[in-house]
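What follows is one structure encoded as structure tokens, with my remarks underneath.
The values are calculated or read from the model by the stated rules, or taken from the named source; none is laboratory data. A quick note: this is a predicted structure, and the numbers were derived from the prediction, not measured. In this analysis, Cβ positions are derived from the backbone assuming ideal geometry, glycine residues included, and neighbour counts consider all displayed protein chains. Just the protein is used for accessible areas: all its heavy atoms, side chains included, with ligands, DNA and RNA removed. Shrake-Rupley method; radii C 1.70, N 1.55, O 1.52, S 1.80 Å.
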Amino acid sequence: QVQLVESGGGLVQAGGSLRLSCAASGSIFRINVLGWYRQAPGKQREPVAVIISGASTNYADSVKGRFTISRDTAKNTVYLQMNSLEPEDTAVYYCNAWLQSSLIERSKDYWGQGTQVTVSS
């Protein structure tokens, strides 16, 4: 079984910073993609940033230049450094992993439980 555990959310004033972490544990053979998504009240879940196995990254237009995704391959951990936060960034942030749990298993999607980020104006 695979678990994704997020940490680092909280309340911050506009213009401030937060760093989210997500550690993957359990039966992991290969992680192909790690990413962060968010869901604001009354809205659909949307992608924020992803990092692919070769360290290629992609960001939503709304966070480019403010957020940075990175990974520690040895720790199976992905980070999201969020700077210049805006009230519009308020949401529950979810960690996502597209990974293979063993050599014979197909890659599957796994999600964390979510961590709340609230940005006050």
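Checked against the criterion of being in a strand (DSSP E or B), aliphatic (A, V, I, L, M) and in contact with an Asp or Glu (Cβ under 7 Å, 6 or more places away or on another chain), the candidates 92, 78, 119 yield just one match: 119. The set of residues in segment 94-114 being of a type outside the set (Gly, Ala, Ser) and under 10 Å from the mean Cα position of the chain (by Cα) consists of 94, 95, 96, 111.
Considering 19, 38, the condition of being in a strand (DSSP E or B), touching a Phe, Trp or Tyr at 6+ places or on another chain (Cβ under 7 Å) and open to solvent by 60 Å² or more (accessible area, probe 1.4 Å) is satisfied by 19 alone. Report whether or not residue 71 is within 15 Å of residue 6 (Cβ to Cβ) and open to solvent by 30 Å² or more (accessible area, probe 1.4 Å). Yes: the conditions hold for residue 71. Taking first residues from segment 65-84 that are on the phi > 0 side of the Ramachandran plot and partners that are open to solvent by less than 50 Å² (accessible area, probe 1.4 Å) and not in a loop (DSSP other than H, G, I, E, B), the Cβ contacts under 8 Å between residues at least 6 apart in sequence or on separate chains come to 76/23; 76/24; 76/31. If the condition is being open to solvent by less than 30 Å² (accessible area, probe 1.4 Å) and under 14 Å from residue 114 (Cβ atoms), then segment 76-96 contributes 80, 91, 93, 95, 96.
Residue 64 passes every criterion in (1) open to solvent by 30 Å² or more (accessible area, probe 1.4 Å); (2) under 21 Å from residue 121 (Cβ atoms); (3) among the basic types (Lys, Arg) apart from (2). All told, residue 55 falls short of being within 13 Å of residue 113 (Cα to Cα), open to solvent by 30 Å² or more (accessible area, probe 1.4 Å) and either modelled with pLDDT under 95 or not in a loop (DSSP other than H, G, I, E, B) (or both). If we keep just the residues of segment 97-112 that are assigned to a loop (DSSP other than H, G, I, E, B) and open to solvent by 40 Å² or more (accessible area, probe 1.4 Å), which is farthest from residue 66 (Cα to Cα)? Result: 104.
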